[in-house]
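Accompanying notes for the structure given below.
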Amino acid sequence: MSKEMFAAGLSALQHRNLTEAELCFSKAIQENPENPNYRYYRASVLRELGKSDEAESDLTSALESAPESYPIRYARGELYLEIGEMEKAEADFSRIIECEADGYWKALAFLGRGVIFIESGDVESAIIDLSDAEDLAVKDGDKGLLARISSELERSGF
């Protein structure tokens, strides 16, 4: 039954029915609380609904089941960045960078940490991380990520 609820949640999310998606993912979690994907997706919905504390709780619980899940750790780092928890965000991004993450997740983590460095005034470290993010995106041929990095540089005045 939890797989059916999860599928219904994904469908509701795709149709932007966030309240229904939250309900479906919650039911899936009730039936299978150990599945980190259910918590990850509910956290995504909760984040969009402005329920940051609940989203953080779900992402942290998901990481207990899957500590090396880069998408989950990155999502929590982004959430921390959004709510101004810079040290926690930096810790999540740094953990991804230090692990054997593939180029995409490592590039995103460098980008996230680079943003933190920009906001803290550490321009030298920001340039290093943003350059590393750009190098990985170029290596992977990821034009979308390159555009995102460029946008962040422009927004920050570089």
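The values are calculated or read from the model by the stated rules, or taken from the named source; none is laboratory data. It should be emphasised that the depicted structure is a prediction, and the values quoted were computed from it without experimental measurement. Backbone-built Cβ (ideal geometry, glycine too); neighbour counts: all protein chains shown.
The table for this structure:
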{"read-out": "Tabulated pairs, the range 52-72, first within 13 Å of Arg95 (Cβ to Cβ), second outside any helix (DSSP H, G or I), C-beta under 8 angstrom, 6+ apart or interchain", "value": "Leu63/Ser69; Glu68/Cys99; Tyr70/Cys99; Tyr70/Ala101; Tyr70/Asp102; Ile72/Ala66"}
{"read-out": "Single residue of the range 52-67 satisfying the filter (within 16 Å of Ser26 (Cα to Cα) and not small (Gly, Ala, Ser)) that is surrounded by the fewest Cβ atoms within 10 Å (Cβ to Cβ)", "value": "Asp53"}
{"read-out": "Among the residues listed as Ile83, Ile118, the single one being under 22 Å from Arg155 (Cβ atoms) and modelled with pLDDT under 95", "value": "Ile118"}
{"read-out": "For Arg95: the one exception among (1) under 28 Å from Glu54 (Cα atoms); (2) among the charged types (D, E, K, R); (3) modelled with pLDDT under 95", "value": "(3)"}
{"read-out": "Complete set of residues in the range 5-42 that are among the β-branched types (Val, Ile, Thr) and over 19 Å from Pro71 (Cβ atoms)", "value": "Thr19"}
{"read-out": "Output for the range 12-40, where each listed residue is among the basic types (Lys, Arg) and either assigned to a helix (DSSP H, G or I) or in contact with a Lys or Arg (Cβ under 8 Å, 6 or more places away or on another chain) (or both)", "value": "Lys27, Arg39"}
{"read-out": "Selection status of Leu49, surrounded by fewer than 22 Cβ atoms within 10 Å (Cβ to Cβ), aliphatic (A, V, I, L, M) and out of contact with any Ser or Thr (no Cβ under 9 Å at 6 or more places or on another chain)", "value": "no"}
